[in-house]
Every structure is written in C-alpha cells, then in structure tokens.
Amino acid sequence: MQALLDELAQRWQAMFEALARGEDLPPGRRLRAEGMAEAAVIAGIASAAELDRAMDDCYNAAFGRRLAADFGADWRQFHRFPEIPAVTRRAPVVPTTAD
C-alpha cells in the first residue's frame, strides 16, 4: 500500500507548491486528498500522526517552514484530521471609486 502513501505525498506536494506560488486550489483536489488520508488510516496503512508528519514535510518543502510556524503549534485543534490546512493568499483589493 506504499503506492497510496506515495500518491498522497505527491498530491500534498502539488497543492502546497501551487499555494506557495499564489495559485488557487480547487476544493476538489483538497477533498480527494483528505479522503485518501482518511482511507489510509482506516485501512491501517498509516496513523494520523504519521500522515501529519509526512504532510508537514511536504509543506516545509514548498514554503520553507513547518505547518506549526504558520498555523500555530496547536493547528490540529482547528484543522481536525484529515483536514488539510490549505489556505490561499488573500486577493488584492483595489478600490473602484474615489470614496
């Protein structure tokens, strides 16, 4: 079942790299990866903690810092497993009137 873990790592990496470049992340990509992570735990392929460490490694490779650096040490309290803390940058707001 290493193939499932490899595919999941590739998906995390692609998502985090896209976010690091400032691109949008369609919710379907995130939701499918979350489902894969949940399936891996249910099937006994990996624990939630093991998957969190692997996802954190992918995040670090894309952003140069750990999830805890951006979301706090207790980030899993706000983003329950298998949720991926994939946050896009805020879009610039440009006033259209002189007000």
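Looking across the range 58-81, just one residue is in contact (Cβ under 8 Å) with a residue 40 or more places away in the chain and farther than 16 Å from Gln10 by Cα, and that is Phe81. If you go through the range 54-93 and keep only what is β-branched (Val, Ile, Thr) and over 11 Å from the mean Cα position of the chain (by Cα), you end up with just Val93.
Filter the range 34-59 for residues that are outside any helix (DSSP H, G or I) and loosely packed, with under 15 Cβ neighbours inside 10 Å and give the result. Result: Ala43, Gly44, Ser47. Looking only at residues in the range 67-81 that are of a type in the set (D, E, K, R) and under 19 Å from Leu31 (Cβ atoms), the one that is surrounded by the most Cβ atoms within 10 Å (Cβ to Cβ) is Arg76.
Tallying residues that are more than 12 Å from the chain's Cα centre (by Cα) and within 23 Å of Asp70 (Cβ to Cβ) within the range 1-25 yields 4.
On inspection, Ala86 does not qualify as among the small types (Gly, Ala, Ser), assigned to a helix (DSSP H, G or I) and surrounded by 10 or more Cβ atoms within 10 Å (Cβ to Cβ). Could you please let me know if Ala62 is touching a helix residue (DSSP H, G or I) at 6+ places or on another chain (Cβ under 7 Å), at pLDDT 95 or above, in a loop (DSSP other than H, G, I, E, B) and not acidic (Asp, Glu)? Criteria not met by Ala62.
With respect to (1) in a helix (DSSP H, G or I); (2) modelled with pLDDT of 95 or more; (3) not acidic (Asp, Glu), the lone exception for Arg76 is condition (2). Report every pair of residues separated by at least 6 positions or lying on different chains whose Cβ atoms are under 6 Å apart, first residue within the range 4-30 and assigned to a loop (DSSP other than H, G, I, E, B) and surrounded by 17 or more Cβ atoms within 10 Å (Cβ to Cβ), second of a type in the set (D, E, K, R) and at pLDDT 95 or above. Short answer, once both residue conditions are applied: none.
The values are calculated or read from the model by the stated rules, or taken from the named source; none is laboratory data. This structure is a prediction, so every number in the text was calculated from the model and none was measured. Because the Cβ atoms are built from the backbone with ideal geometry, glycine has one as well, and the counts that use them run over all protein chains shown.
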